[in-house]
Every structure is written in C-alpha cells, then in structure tokens.
1. Enumerate the strands (runs of 3 or more DSSP E) found wholly within segment 1-109, keeping only those where 1 or more residues are at pLDDT 95 or above and touching a helix residue (DSSP H, G or I) at 6+ places or on another chain (Cβ under 9 Å).
2. Among (1) crowded, with 16+ Cβ neighbours inside 10 Å; (2) touching a residue at least 60 places away in the same chain (Cβ under 8 Å); (3) closer than 14 Å to residue 8 by Cβ, where does residue 63 come up short?
3. Restricting the search to segment 66-79, which residues are exposed (fewer than 15 other Cβ atoms within 10 Å of the Cβ) and at positive phi?
4. So if I check each of 48, 32, which one is farther than 17 Å from residue 18 by Cα and surrounded by 13 or more Cβ atoms within 10 Å (Cβ to Cβ)?
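The values are calculated or read from the model by the stated rules, or taken from the named source; none is laboratory data. In this text, all values refer to a predicted model and were calculated from it rather than measured experimentally. All Cβ positions, even for glycine, are placed from backbone atoms using ideal geometry, and neighbour counts span all protein chains on display.
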C-alpha cells in the first residue's frame, strides 16, 4: 500500500458496489467533477450525474462507474460515496443500451399525459442515456 492511498466506498440502496484503496478518485459532483487525493480537506457534497473514476492504488487499473444522485464525503483518509444509482460501466454493452433506449423512448411517446408511469420512464430514460454516453466514450 502506498503512503498516499486512501479508502473509497461506493454504496447504493442495493448495497456496496465498490470498496478498496485508491490514490486518486474523481466523482461527478452536482456542480462539476471533483477529484480526491489523500489528506484532502474534509468535505461533503451532492452528487450529480456522470462518471466516477477510481484509480486503484499501486496499479494501472481505473474502475469506472456511472453515478446518478446522492452524496459524497471525506475526512481525508476515507471517501464515502452514497449514490442514488450507480453501476460499473463494464456491465453494459452498447447494443443492449441502444435497444433499451429505443424501447423506453417508444413507451414514453405512447404514454398518456396523466400516465402514472411517466416519471419512472423519464428517469429510466435519463439513466440509460447517461450510461450510453459514458459507455460510448469508452468504446471509441
């Protein structure tokens, strides 16, 4: 373990998605990307939507996650990210995402204005668009 490593935990309502040592982590804060190094000043922030990158300590590995909403906080030696929704980007393939996106767009177009499913469809479509954008960037 490097003397500049710190712990990062990514937790969703479904459970812990990642826990490990990092030497640098970037999160999508509400008002832009924010980077974290060891002994950063204590901080709490709201999460936006985007990519979280965890540079795994003492390696060349970068773990990548799509993250949407929640909070993050650090005391300088431990970063905790409590995400409303998060998933590893390598869990998706572009063909499936495109298919899911088209299906959601079709369902939303067909839904009546007072359909109680509309908020769910809009939120799910926003998530799929985010993941599609992030995965597409990785595949280039």
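1. Qualifying strands (runs of 3 or more DSSP E): 49-56, 62-74, 78-88.
2. If we test residue 63 against (1) crowded, with 16+ Cβ neighbours inside 10 Å; (2) touching a residue at least 60 places away in the same chain (Cβ under 8 Å); (3) closer than 14 Å to residue 8 by Cβ, just (2) comes out false.
3. 76
4. Numbers: 32 fails: surrounded by 13 or more Cβ atoms within 10 Å (Cβ to Cβ).
Among 48, 32, only 48 is farther than 17 Å from residue 18 by Cα and surrounded by 13 or more Cβ atoms within 10 Å (Cβ to Cβ).
Residue-by-condition table, conditions (1) surrounded by 12 or more Cβ atoms within 10 Å (Cβ to Cβ); (2) touching a residue at least 40 places away in the same chain (Cβ under 8 Å); (3) closer than 14 Å to residue 66 by Cβ:
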| residue | (1), (2), (3) |
| --- | --- |
| 87 | yes, yes, yes |
| 98 | yes, no, no |
| 105 | yes, no, no |
| 111 | yes, no, no |
| 117 | yes, no, no |
| 121 | yes, no, no |
| 129 | yes, no, yes |
| 133 | yes, no, yes |
| 136 | yes, yes, yes |
